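Here is the structure we will look at.
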Amino acid sequence: MTSSPLPPLRLGIAGLGTVGAELVGMLQNKANFLAQRTGRTIDVVAVSARNPDKDRGVDLSSAQWFSDPVEMASSAEIDAFVELVGGADGAAKNSVEAALSRGLTVITANKALLADHGLALAALAEENDTTILFEAAVAGGIPVIKALREQLAANQVDRVYGILNGTCNYILTRMEREGISFDDCLADAQALGYAEADPTFDIEGFDAAHKLALLTSIAFGTEPAPSQIAVDGITSISSADISAAAELGYRIRLLGFAMRGEGGVTQRVHPTMVPETSAIAAIDGVTNAVAIEGDYIGATVLQGPGAGGKATASAVAGDIVDLARGTKIPTFGIQTGALAPFTNAEPRPDARFYLRLHVTDKAGVFAAIAGHMADNSISLESIVQRRRSDEPDDAKMIILITHGTTRAAVDQAVKAIAKDGYLVSDPQMIRIEHF
């Protein structure tokens, strides 16, 4: 006897922008290829977008059209709902809730939605015997969610870190290679489509923080807690910092970190000086990279395109293939009732920092700075004084590298220096990490 063929997997896709159109084209162009690998056909039977007349370069004639994604999620004859609308609330949230309430599997690339509402949405999925798949929400085409949730599930993860935003990495790479300013690099990134007209979400670190919150939840079995992430962006990084890092044997990258610690987990996103010989320092341009450290796997690094229509569509398609094959895993790897409330770990006193201070050039300044460091139990590894050509004659730049300390101690020392009235511009502080 031969088994009956599986019925087609019927998809409804909400959002036909760059990613949505690429996804439809991929599913159509690779229809036979995917059917061979899943044992069933994958059909796009419903779509939703604002403009039904726009030419998106794909054939949508066989799909039912909905102007409202919530209506499509609520009523279309579909087995799975693909959300590519974007945004943490509004149509994206409402349509996902409608789909889950019907017991439909949801596939999404929406990190903001899951970072803000993932716990409640995952619980709703469980109530209706379904799940949410979101490989495309973190690091574009890199299969890091699948790696953490499935392949490395037997490991106790101690640390996850990486480059989670291609826009920031592109800007920092250009500043390093070409010696141009942050503002000029940002303008180029916008012209090339790597940065939005309003780039705040990327350059201030919030995009990376949303992605990190999702990685943390899966890696450490905790409830997503984006509000508990300490976030610093790259807007304060200057050519002076890039040059100083190179002289010291480092490169600057915006990194997201989540690590197990005493009493909980530490999450942070910030510019980081990393040794120029490290694997993470070699990641240039818009590429993303995620490193995972586990008790059995040791350390492994995944890298690849972190954004773009093709890479993101590929990640969405991977989730669709898993669904077509019958794979079903809880949204965050374990049931929501088993996720622990997020608790911040105790700060470790072994962090090293780079400090750049522009100060008035007069007697007693250096002694005062050294005194404030000592008052906060900060030992200095190196001190460099220099005068920049663009600085006034009565100012100079001091670069300090600390031994192990805490961020709080450095903050206190810098506040005291500022209170003395010696600073002529905002100080710069960058954490140093060795891998």
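The values are calculated or read from the model by the stated rules, or taken from the named source; none is laboratory data. Quick caveat: nothing in here was measured; it's all calculated off a predicted structure. Neighbour counts run over all protein chains shown; Cβ positions are idealised from the backbone, glycine included. To get the accessible areas, we keep the full protein, side chains included, count just its heavy atoms, and leave off ligands, DNA and RNA. Shrake-Rupley method; radii C 1.70, N 1.55, O 1.52, S 1.80 Å.
Residues of region 309-333 that are open to solvent by 40 Å² or more (accessible area, probe 1.4 Å) and under 19 Å from the mean Cα position of the chain (by Cα): Lys310, Ser314. Considering only region 267-297, how many residues are within 23 Å of Glu150 (Cα to Cα) and surrounded by fewer than 23 Cβ atoms within 10 Å (Cβ to Cβ)? So the count comes out to 6. Taking every residue in region 277-301 that is farther than 13 Å from Leu164 by Cβ and pairing it with any residue that is open to solvent by less than 40 Å² (accessible area, probe 1.4 Å) and part of a loop (DSSP other than H, G, I, E, B), at least 6 positions away or on another chain, the pairs with Cβ-Cβ distances below 6 Å are Gly294/Leu152; Gly294/Asn155; Asp295/Asn155; Tyr296/Asn155; Ile297/Leu152; Ile297/Asn155.
Looking only at residues of region 236-258 that are assigned to a helix (DSSP H, G or I) and among the polar types (S, T, N, Q), we find that the one that is farthest from Arg352 (Cα to Cα) is Ser239.
Residue count for region 334-359 under the criterion of being part of a loop (DSSP other than H, G, I, E, B), surrounded by 19 or more Cβ atoms within 10 Å (Cβ to Cβ) and of a type in the set (D, E, K, R): the result is 0. With respect to the conditions (1) open to solvent by 20 Å² or more (accessible area, probe 1.4 Å); (2) modelled with pLDDT under 95, Ser227 falls short on a single one, namely (2).
Within region 305-333, how many residues are more than 12 Å from Thr105 (Cα to Cα) and either without any contact (Cβ under 8 Å) to a residue 24 or more places away in the chain or part of a helix (DSSP H, G or I) (or both)? Write out each step before concluding.
Let us first name the residues in region 305-333 that are more than 12 Å from Thr105 (Cα to Cα), namely 305-318, 321, 325, 332-333.
In the following step, the residues that additionally are either without any contact (Cβ under 8 Å) to a residue 24 or more places away in the chain or part of a helix (DSSP H, G or I) (or both) were identified as 309-318, 321, 325.
Residues flagged as more than 12 Å from Thr105 (Cα to Cα) and either without any contact (Cβ under 8 Å) to a residue 24 or more places away in the chain or part of a helix (DSSP H, G or I) (or both) within region 305-333 amount to 12.
With the condition being buried (at least 23 other Cβ atoms within 10 Å of the Cβ), I'd like the strands (runs of 3 or more DSSP E) fully within region 1-100 carrying at least 2 qualifying residues.
Details: elements: 9-14, 42-48, 64-66, 80-83.
Output list reads 9-14, 42-48, 80-83.
Here are Lys362, Lys396: which of them is exposed (fewer than 12 other Cβ atoms within 10 Å of the Cβ), touching a residue at least 24 places away in the same chain (Cβ under 8 Å) and of a type in the set (Lys, Arg)?
Numbers: Lys396 fails: exposed (fewer than 12 other Cβ atoms within 10 Å of the Cβ).
Residue meeting the stated conditions: Lys362.
In region 375-387, the residue that is modelled with the lowest pLDDT out of those that are open to solvent by 70 Å² or more (accessible area, probe 1.4 Å) and not in a strand (DSSP E or B) is Arg387.
Screening region 334-363 for residues that are within 22 Å of the chain's Cα centre (by Cα) and of a type outside the set (Val, Ile, Thr) and picking the one that is nearest to Ala122 (Cα to Cα) gives Leu339.
Here Gly140 fulfils each of the conditions (1) open to solvent by less than 30 Å² (accessible area, probe 1.4 Å); (2) touching a Ser or Thr at 6+ places or on another chain (Cβ under 8 Å); (3) assigned to a helix (DSSP H, G or I) apart from (3).
Being outside any helix (DSSP H, G or I) and in contact with a Phe, Trp or Tyr (Cβ under 9 Å, 6 or more places away or on another chain) is the filter; apply it to region 101-131 and report the residue that is most open to solvent (accessible area, probe 1.4 Å).
Filtering region 101-131 for residues that are outside any helix (DSSP H, G or I) and in contact with a Phe, Trp or Tyr (Cβ under 9 Å, 6 or more places away or on another chain), the one most open to solvent (accessible area, probe 1.4 Å) comes out as Arg102.
Of all residues in region 143-187, those satisfying the criterion of being open to solvent by 40 Å² or more (accessible area, probe 1.4 Å), closer than 28 Å to Ile107 by Cα and of a type in the set (A, V, I, L, M, F, W, C) are Ala153, Ala154.
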